[in-house]
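For reference, the structure discussed in these notes is given below.
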Amino acid sequence: MAIMTGQVITSSQISDFRRDHDARLKGGHERINSIHGMQLPSSQDPLFSYGIKSGDRVPMDSLLTNQYLKDYLAVQESKQENHQSRKHIPVMHTKASLGHRFVEPVSVESEPFKLKKFLRVPPRLKMTSNAGGQTDRGYTEN
């Protein structure tokens, strides 16, 4: 045809060519007829099943009595007993770690730092004290 040779053709010539040369793919109705002629293993043997076996069947009484959870808990308890029976590794102290154990408390007698421009400004919040003499976190407004 002219399409193959690269000649210029019109759309009516293309439709005439397609009418004469049917090149459609087979649809679903052609494939359905071919399946009926094919024999499947399950149609010959009623006990045939597809797929892979999943293993032994699980007894229902074990499921209903929650036996699997009981077995799991027993295994976990034995693991925990084995873990607790192991010896603990002693902590090896260094001079630095021993020095950090005993820290002298810092005295809070010094005045807190204030910028010079805020030295004469009165505080807006007043801290109340407990019976023990310690300051409370509860603030009261002036």
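Values for this structure:
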item	result
Lysines with Cα under 19 Å of K79, excluding same-chain neighbours fewer than 8 positions away	K70, K87
V106 accessible area, 1.4 Å probe, all protein chains in place, Å² to nearest 10	130
Cα-based reach from K114 at 30 Å (exclusive), listing lysines while leaving out same-chain residues under 8 positions away	K126
Among N82, S62, V106 - extreme Cα towards positive end, dipole of segment 30-116, charges at beta-carbon	V106
Distance between modelled label sites at V103 and S12, nm, 7 Å Cα→Cβ extension	10.1
Probe 1.4 Å, all protein chains present, accessible-area order of E109, E81, largest first	E109, E81
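The values are calculated or read from the model by the stated rules, or taken from the named source; none is laboratory data. Predicted model, so just to flag it, every value in this text is computed and none were measured. So basically every Cβ, Gly included, is an ideal-geometry build from the backbone, and we count neighbours across all protein chains shown. Accessible surface areas use protein heavy atoms only, side chains included; no ligands, DNA or RNA. Shrake-Rupley method; radii C 1.70, N 1.55, O 1.52, S 1.80 Å.
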